[in-house]
Structures are given as structure tokens and as C-alpha cells.
Amino acid sequence: MTVEPTPGGEGRVPDLSRPQVEGMFEQRLSEAFLTLGCFNLAVFGKTGAGKSTLVNAIFGRDVAQTGMGRPVTKGLVYYRHHDGFLGVYDSEGFETGTAGDAIVAGLRRIVDENRGQSFDTQIHAAWYLVRWSDRRFEGAQEQFVRELAALGLPVIMVLTQVPSRDGEPHPEAREFAQYIEGLGLPLKPNGRVVLTNALADEFTGHPVFGLQELLDDTYLVIPEAAEAALTAAQVVDVGRKKKAVAAIINQAVVVAAGVGATPIPFADAALLVPNQVTMISRITAAYGLPPSRSRALATTGSLLLTGGATMAGRYAVTSLLKFIPGGAVAGSAISATVAGALTKAVGMAWARVCEYALTLDTPARDQFLASPEVSEKFLAFLKEAQRAGTGSRRR
Ligand SMILES: Nc1nc2c(ncn2[C@@H]2O[C@H](COP(=O)(O)OP(=O)(O)OP(=O)(O)O)[C@@H](O)[C@H]2O)c(=O)[nH]1
Ligand SMILES: [Mg+2]
């Protein structure tokens, strides 16, 4: 990679050493993840209803296998995913009757204990799953759902393993859902039953179905404070992640413009670094990338941003000055506009790195996040953004 010389920028950058920036990164990353908090979901339904499969489909991870399980009450295990922002109460092998009574009693205790505690220990939503092909919804199940609702939990009713064609569910599954809706259960958000299929069936050709709807309904019933964690944890709706990230970048741009409001000497681009470190950390958390990889990311991030000058920063400033109005005049000073544009470019490029990481499966992703490829991709995206910005192709 070649880095263009800095126009008149041979001046020094205030010294932010790599270890300093790295330490800053590690700290801001863990703050960003802590701020997300934890989204807690409780999942109920008879054995084989598809609880584990549905959780996997929405969150892209086998919480039961990769998380730490802790039996919280008879019949109920709490899995806190090691990434920290997802917790699942799984009623494994749950059947109604006395087992159901024991679970309700245990849940009541959990709900009572967590009342008034911080939001990330509370249960934010409950999914009650019924396999559509059972075509039966028993009195005991109905009773159980009413008791969950009486505990104050928002209950979303889900029919699972529903076949569909051309976006339409099997008519009998629809009928079954309507039957349940007719029982007048206190279902959230609107008394409706959500029809889903969590696994594509290659033999019958039945596609995955209804996951977006289930996720949308879940957003509607949870407290606002749990939304950021859900957005990070889920893998169905990348659009929601992007929206959260766009807001983070905009905030950082405003801060950067503030730093540049009194134009700062070009050589002091490093003044923008702390804000960029915060931004990159928050972007990483919003996408739900693993905090367990934060050390590797901190190393890469600090390499990229040290002095705002070494690579990315210097490259970005150099190219930006060429096309930002007033940039060339500034020549040796970073104005509010330049500071904002620079920060935005860095944020967008990092967002693309994260999105790329999300397309990889877990082992490949972990490997990628710990590799020099992160900085290579980041710089490539930064260059692309700037080329698009100038409207010119390769020089
Ligand atoms: N095609 C298809 N198969 C599913 C779906 N959900 C579950 N299955 C299958 O049904 C079986 C049971 O699913 P699980 O997700 O293990 O059910 P569970 O509710 O977690 O069961 P327990 O843990 O025993 O309570 C598995 O063989 C799944 O592959 C689905 O949406 N579509
Ligand atoms: Mg299971």
C-alpha cells in the first residue's frame, strides 16, 4: 500500500502512542458493549416445538451450546451468551401441567427479584411456541399463557414449522392461528399469532418464513432500553443495525465538527482520534461483533488511527482536502467541515468492515477480526468512499 505524502503536513502530530490508542480502544470497546446491556428473552413451548431452532434462526448462534447455562428454576435454564448482550431463558423439554406450574412459580420469583433492578436482568419478552402440525392448543397451554401475561411478561404467540408457498402460509396453519386468536388470550403486540418456519426444508422446498415479522413484533413489546442489545444480537434484520450505526456516525460527525470549529492545524489531526475511537467502538458493538475479539480490534484500530496520521487519517485528510470546499484553502488546517467529513469517511469504512465480518461464519469471522485483513479492508473501503466522493475514478 502506498500512502500519499501529506501536503504541508510534515509537521508533527501530538503524540498519541500506539499503546495509548490501543488502551483507549479497549476501554471504549468495553464501554460500548456495556452500554448495549443485555436483551433477555424467555422461550416456551412443548418439546420439539422448535424453540432452539427459532432462537438460532433469529440470533444466528446456538445460545444453548455456546452460552453458559445456569438452571434458574426447575425446568428453566438461563443462557447468557458469552458476548454478553443476549440472554435466553429456555424451558427445555417443557410440557404443560405440573411442570408448567413449577416454571410459573420460578418465573414469578425471577420477575419479583428483578423488579426495580437494572433493565438488563429483566425478562423483556416471552415467545410461546406451538408447532402448527399439532393442530391442538390445550387448556393447560392456554392457562400457562395467561399466567405468563399475568406476571407482566409480554407474550408473543408463534406457530412454528409452518409450510408456505409464494409468501403465503399453509391455509390450515392460518386457520389454526385464527382459532387461537379467537380465544382472546392477552397476546402482544396486537392479539395476533405469528406464523414462522425457522429452517428451510430442502425436501419439501418450504422456505424460511415469518422471522422478520416475529422480530418486528418483538421490538414492539420490549422496553426501549433493550432495543440496542436486541439490534446487536439479532441477525435477521441488518437494516436495523445499519440505522443504529448511521445515528452513531452522525453523532460523531457533530462532535468532530465541534473539534474543528476552531480550525486545528493539519498536523494536529490526532485531536480527532479519541472521538473516532469512540465511534468505531460503538459501531462494532451496534453490529453485535464479538467483544471477545476486542483486543484484536483494539490493536488494529490503534494501528489505523495512531496520530490520525500514520495511514488512514493521513490518507483520508490528504484526499479530502482536494475536494472539500475550502479544504484546499485550509491546506494546513482542519476546518469543521473537513473534520466532519473525515470522521464520516472513517465511520462508513469501519461500518463496511463490520458488515463484511457479519457475512462470515463464526470461525472465519473470528479469524478475520484477528488478522491484518481488517486494516487492509478498512483502507480499501476508505479509498473507495473517497473516489466515489470526488466523482473521479482511479487516477
Ligand atoms: N423444517 C423445520 N424444522 C424445524 C423447525 N423448528 C424445529 N425443527 C426441527 O424440529 C426438531 C425439534 O426442534 P428443536 O428446536 O430442538 O425443538 P425444542 O423446542 O428446542 O425442543 P426441546 O429442546 O426438546 O424442548 C429438530 O429436529 C428441528 O430440526 C422449523 O422451523 N422448520
Ligand atoms: Mg431446545
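We did not get these values from a lab; they are worked out from the coordinates using the rules stated. As the structure is a prediction and not an experimental result, all values here were calculated from the model. Cβ atoms come from the backbone with ideal geometry, glycine included; neighbour counts cover every protein chain shown.
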Checklist line | Förster radius 51 Å - calculated FRET efficiency between Glu224 and Glu202 (Cβ-Cβ, nearest 0.05) | finding: 0.80
Next item on the list: Lys and Arg at +1, Asp and Glu at -1: add these up for the other residues within a Cβ distance under 12 Å of Phe144 and post the number.
Entry: -3
Next item on the list: Would you please calculate the Kirkwood hydrodynamic radius of region 38-233 over all C-alpha pairs and express it in Å, rounded to one decimal?
Entry: 16.8
Checklist line | Distance from region 80-113 to region 339-376 (C-alpha centre basis), Å | finding: 36
Item checked: As computed over region 112-185, the Cα convex hull volume per residue (Å³) -> 108
Next item on the list: Quote to one decimal, in nm, the extra length available between Glu181 and Glu376 on full extension: 0.36 nm per residue of separation minus the C-alpha distance between them.
Entry: 64.9 nm
Notebook entry, point to check: How high is the FRET efficiency between Ala105 and Arg18 when r is their beta carbon distance and R₀ equals 45 Å, given to the nearest 0.05?
Noted result: 0.25
Notebook entry, point to check: On full extension of the chain, what length is gained from Ala261 through Leu34, given 0.36 nm per residue of separation minus the C-alpha to C-alpha distance?
Noted result: 78.6 nm
Next item on the list: Distance check, please: which entries in Lys344/Lys377; Lys74/Lys188; Lys51/Lys242; Lys51/Lys188 exceed 24 angstrom between their Cα atoms?
Entry: Lys74/Lys188; Lys51/Lys242
Check: Hey, with R₀ at 22 Å, roughly what FRET efficiency would Gln212 and Thr121 work out to, going by the Cβ-Cβ distance, to 0.05?
Finding: 0.20
Notebook entry, point to check: How far apart, in nm, are the 7 Å Cα→Cβ label points at Ser292 and Val254?
Noted result: 3.6
Checklist line | Cα gyration tensor shape for region 179-287, rounded if a/c is under 1.5, else prolate or oblate | finding: prolate
Next item on the list: Based on the mean of other Cβ atoms within 10 Å per residue, sort peptides 229-239, 132-142 so the most packed one is first.
Entry: 229-239, 132-142
Check: What's the extension gain from Asn114 to Lys74 if we count 0.36 nm per residue and subtract their Cα-Cα distance?
Finding: 12.6 nm
